[in-house]
Amino acid sequence: EAGVAQSPRYKIIEKRQSVAFWCNPISGHATLYWYQQILGQGPKLLIQFQNNGVVDDSQLPKDRFSAERLKGVDSTLKIQPAKLEDSAVYLCASRGLAGGELFFGEGSRLTVL
Amino acid sequence: KQEVTQIPAALSVPEGENLVLNCSFTDSAIYNLQWFRQDPGKGLTSLLLIQSSQREQTSGRLNASLDKSSGRSTLYIAASQPGDSATYLCAVGGGADGLTFGKGTHLIIQP
């Protein structure tokens, strides 16, 4: 079974530029999450999708971050404009059943200069 | 708001020792608890998932326990090996919600 796929693995941009990350969850998983992990911290939930609807985006900085999950499969997370403090690893995760195991991708490491 | 604390923040032990990592959470109304491993520059690998109705789960040399009423979980690693060196993260979930993570325990096993 293929795992959660993410791209790009690494991205370096200058502040005020934009960036987009892509995630393909495990086949059949209805729930998809985007997490932000700053160096030395645990992952923090940014947004949760159930199929193509948003369940929780309370911690998403909506002035600069946006995310979508068209057709309830792949998802894209965008940052525009980026700030220095957005430097982090952006992790995508998926889950098949409520209360079931969460599976993570390898993450996309963003450096903002 | 759920808060998850992991102690110790870092641990270094000689190969072969048994060790215990601790996790505590402030809201006992959890649906499940999951332990992950994270290698440098990598994503999170799921180790064990404990449902709120369970007391423990075992996988190979790993054993995780859950005491929901006291808001605690432990991850026991038997006969540690250098390959166990990684950061171990504890996370609690509320059913359909996402997980709330601790900051992790950075573990080094000395050969």
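Each reported figure results from applying straightforward, stated rules to the coordinates on display, with no laboratory input. Because the structure is predicted, anything quoted here is derived from the model rather than measured. Please note: Cβ atoms are built from the backbone with ideal geometry, for glycine as well, and neighbour counts cover all protein chains shown.
Among B:S12, A:S108, the ranking by other beta carbons within 10 Å of each residue's beta carbon, starting with the fewest, stands as B:S12, A:S108. Look at the stretch B:43-53: the mean tally of other chain Cβ atoms within 10 Å of its residues' Cβ atoms is 4. Across all directions, the average projected area of the convex hull around the alpha carbons of the protein assembly as shown is 12.1 nm². Using Cα centres only, tell me the gap between segment A:53-105 and segment B:9-54 in whole Å. Segment A:53-105 and segment B:9-54 have Cα centres separated by 23 Å. Put a dot 7 Å past the Cα of A:S27, heading toward its Cβ, do the same for A:N51, and the two dots end up 2.1 nm apart. With 10 Å bins beginning at zero, the pair-distance distribution over Cα atoms of chain A amounts to 15, 50, 29, 5 %.
Mind scanning A:K62/B:K42; A:K11/B:K42; A:K62/B:K68; A:K11/A:K83 and naming the pairs with a C-alpha gap bigger than 25 Å? Those over the limit are A:K62/B:K42; A:K62/B:K68. Cα centroid separation, segment A:1-36 to segment B:61-107: 24 Å.
Going by how many other beta carbons lie within 10 Å of each one, how would you line up A:C23, B:C90, fewest first?
Going from sparsest to densest Cβ surroundings: A:C23, B:C90.
Computed over the Cα atoms of chain B, pair by distinct pair, the Kirkwood hydrodynamic radius stands at 13.9 angstrom. Taking each residue as 0.36 nm, the span from B:R61 to B:N18 lengthens on full extension beyond its C-alpha to C-alpha distance by 14.5 nm. Length gain on complete extension for the stretch B:S53 to B:Q81, per 0.36 nm per residue less the alpha carbon to alpha carbon distance? Between B:S53 and B:Q81, full extension yields an extra 7.0 nm.
Fewest-first ordering of B:L33, B:L75, A:L84 by other beta carbons within 10 Å of each residue's beta carbon gives A:L84, B:L75, B:L33.
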